[in-house]
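Below is one structure, written out as structure tokens, with a few remarks after it.
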Amino acid sequence: MHTPGQTTQLMNRIALAKPFVSSVLAQPTAMLCIARLFPKKALGSLSLLVLTTFLMLAPALVHAAAVTLPPINGAPCASCAPAGWLVNLPSPDLINGNGLWPGGAFYAISDVSGPSSNGGQMALVLNIEKLQTTLAGLIPGQTYQVSIEWQQATLGLTLGGGTPYTGGSLFMSVDGNATIYPPVGTAATDTWQVTTHTFTAIGTTALLVVGIGTPGFTAIVFDD
């Protein structure tokens, strides 16, 4: 038996939760989960308290959906984008890894610790360079995750001298909401790392931009 004070506290908590409940109930995924967990008759008899408690716990039980990105592969090239991607800020390159830069033999790439876990080619971005792709088939209000595998790299003159492009951070943006992910170690010491970017869809499509987040004489490689 609740005391009057306990009842008042309970009702206040329910009142505070109502906006949250309404917003969650508006999501198709939430209604689907409830319909599967509770039969129609049982759902009709659920008290507001039980439903509120369930919905308050539900977000912790729902995992973000992973988005599959177009593979970053293709013949090495300078100032280009792989199939399914477009150049956002010029001019990214597509490379195999360490070795001569595809734009000319006067530059060489180093500090790339072999292929990524997906193998094949990778994007090389310097200074402010970025690629973009459109994510389709999204459900508004649903939480999604996109993962990029990346590491720092170095691009320098083949004969030495000058200022090499080396190291930097990862830039990821979905519909203009950007995050810059700092590196671990230096270009000479780091290895491939996976960064996962989480976002909530506001429409059925979204624009993903991936590139380097540190302008200047900087360089990273990334794959998906």
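The values are calculated or read from the model by the stated rules, or taken from the named source; none is laboratory data. Everything quoted here is computed from the prediction, not taken from an experiment. For neighbour counting, all protein chains shown are included, and Cβ atoms are generated from backbone atoms with ideal geometry for every residue, glycine included.
Observations on the model:
- Hits in region 124-178 (condition: among the aromatic types (Phe, Trp, Tyr) and within 17 Å of the chain's Cα centre (by Cα)): Tyr144, Trp150, Phe171
- Number of the condition not met by Tyr181 [criteria: (1) closer than 14 Å to Val221 by Cα; (2) in contact (Cβ under 8 Å) with a residue 40 or more places away in the chain; (3) within 17 Å of the chain's Cα centre (by Cα)]: (2)
- Failed item, numbered, when Val221 is tested on (1) of a type outside the set (Phe, Trp, Tyr); (2) part of a strand (DSSP E or B); (3) within 22 Å of Tyr144 (Cα to Cα): (3)
- Filter result for Ile139 (in contact (Cβ under 8 Å) with a residue 60 or more places away in the chain, of a type in the set (Val, Ile, Thr) and touching a His at 6+ places or on another chain (Cβ under 9 Å)): no
- Scanning region 116-148 for residues that are surrounded by fewer than 18 Cβ atoms within 10 Å (Cβ to Cβ) and either over 22 Å from His197 (Cα atoms) or of a type in the set (D, E, K, R) (or both) gives a single hit, Gly120.
- Checked against (1) modelled with pLDDT under 95; (2) within 28 Å of Ile202 (Cβ to Cβ), Ser117 passes all but a single condition, namely (2).
- Region 200-218, subset assigned to a strand (DSSP E or B) and aliphatic (A, V, I, L, M), residue surrounded by the fewest Cβ atoms within 10 Å (Cβ to Cβ): Leu207
- For region 75-91, the tally of residues that are surrounded by 15 or more Cβ atoms within 10 Å (Cβ to Cβ) and either farther than 26 Å from Ala136 by Cβ or of a type in the set (S, T, N, Q) (or both) stands at 3.
- When Gly141 is tested against (1) touching a helix residue (DSSP H, G or I) at 6+ places or on another chain (Cβ under 8 Å); (2) closer than 17 Å to Leu208 by Cβ, just one condition goes unmet, and that condition is (2).
- Filtering region 177-214 to residues that are of a type in the set (Gly, Ala, Ser), touching a strand residue (DSSP E or B) at 6+ places or on another chain (Cβ under 8 Å) and over 16 Å from Ser113 (Cβ atoms) leaves Ala178, Ala201, Ala206, Gly211, Gly213.
- Criterion violated by Gly160 - all others in (1) within 17 Å of Leu69 (Cα to Cα); (2) surrounded by fewer than 20 Cβ atoms within 10 Å (Cβ to Cβ); (3) without any contact (Cβ under 8 Å) to a residue 40 or more places away in the chain satisfied: (1)
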